[in-house]
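The values are calculated or read from the model by the stated rules, or taken from the named source; none is laboratory data. Here the structure is a predicted model, which means the values were calculated and not measured. Positions of Cβ are backbone-derived with ideal geometry, glycine not excepted, and every protein chain shown enters the neighbour counts.
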Amino acid sequence: MALPSRAQTFAFETCRDLLDKLEREIDRYQKVDGRDEDGPEALLELVDQLRDSAFNAAVTAWQLCDWVFNDMTPEQRQKAKISSLGDLQAYARDNCRALYLCRHAATASKHWEVSHKPDPDVQVEVWHDETGWTIHFVDGANSQSAYVVFESARAFWNEFIRGHGIGKGQDEL
């Protein structure tokens with residue numbers, strides 16, 4: 001039996017569903033972040049899981065722009081002074097550095113490079129330290145763990161969505 005859904009969305013209905021997905025992606029990332037494995041096959045699997053879950057979290061965090069914008073009512077858009085998807089994307093980039101970083105990583109990962117508004121000071125590094133394998137976002141002279149970046153993006157969207165009452169479920173009407 002199929003789940004009821006909008007066409008072509010894997011049964012995601014609102015931006016709140018995608019926000020829940022972001023939380024799951026962050027959990028998946030956290031389960032492998034800082035781990036280490038013995039043996040080449042186990043190590044390769046660990047690093048692949050780390051990279052895949054980070055990719056999914058960054059893409060989901062940035063893709064929330066589309067979902068949030070499309071779930072906003074005309075009244076919510078007017079109140080937030082957002083008239084286009086581009087306005088919301090600019091607001092997200094300007095008000096949440098984590099989303100700025102996620103946008104950069106998601107775009108480069110999906111399209112091989114960032115051709116629109118590239119930032120040569122932003123990098124993503126996969127590396128091994130004393131705790132195990134991890135990913136860091138390099139932002140000029142600063143470096144942050146991917147987990148911190150993803151959690152900051154999640155917190156921004158959670159506050160924005162709930163603060164503006166966007167995509168309310170039946171239990172909140």
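Suppose we keep only residues that are within 16 Å of SER145 (Cα to Cα) and aliphatic (A, V, I, L, M) within the stretch 27-50. Which one would you say is nearest to the chain's Cα centre (by Cα)? Result: LEU50. Considering LEU50, LEU19, LEU3, the condition of being modelled with pLDDT under 90 and not β-branched (Val, Ile, Thr) is satisfied by LEU3 alone.
Of the residues in the stretch 127-148, at least one is more than 19 Å from ARG51 (Cα to Cα), out of contact with any Asp or Glu (no Cβ under 6 Å at 6 or more places or on another chain) and outside any loop (DSSP other than H, G, I, E, B). Residues that are modelled with pLDDT under 90, more than 24 Å from GLY34 (Cβ to Cβ) and not basic (Lys, Arg): does the stretch 55-73 have at least one? There is no residue in the stretch 55-73 that is modelled with pLDDT under 90, more than 24 Å from GLY34 (Cβ to Cβ) and not basic (Lys, Arg).
One line per residue, one yes/no per condition, for (1) closer than 21 Å to ARG35 by Cβ; (2) free of Cβ contacts under 8 Å to residues at least 24 places away in the same chain:
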position	(1), (2)
GLU125	yes, yes
TRP133	yes, no
PHE137	yes, no
PHE150	yes, no
GLU159	no, yes
GLY165	no, no
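Check the stretch 64-78 and report whether any residue there is in contact (Cβ under 8 Å) with a residue 60 or more places away in the chain, part of a helix (DSSP H, G or I) and surrounded by fewer than 17 Cβ atoms within 10 Å (Cβ to Cβ). So far as the stretch 64-78 goes, yes, one or more of its residues are in contact (Cβ under 8 Å) with a residue 60 or more places away in the chain, part of a helix (DSSP H, G or I) and surrounded by fewer than 17 Cβ atoms within 10 Å (Cβ to Cβ). The set of residues in the stretch 84-131 that are at pLDDT 85 or above and small (Gly, Ala, Ser) comprises SER84, GLY86, ALA90, ALA92, ALA98, ALA105, ALA106. All of (1) surrounded by 19 or more Cβ atoms within 10 Å (Cβ to Cβ); (2) in a helix (DSSP H, G or I); (3) in contact (Cβ under 8 Å) with a residue 60 or more places away in the chain; (4) not charged (D, E, K, R) hold for LEU46 with one exception: (1). Return yes or no: is SER53 farther than 16 Å from PHE150 by Cβ and polar (S, T, N, Q)? Against the criterion (farther than 16 Å from PHE150 by Cβ and polar (S, T, N, Q)), SER53 does not qualify.
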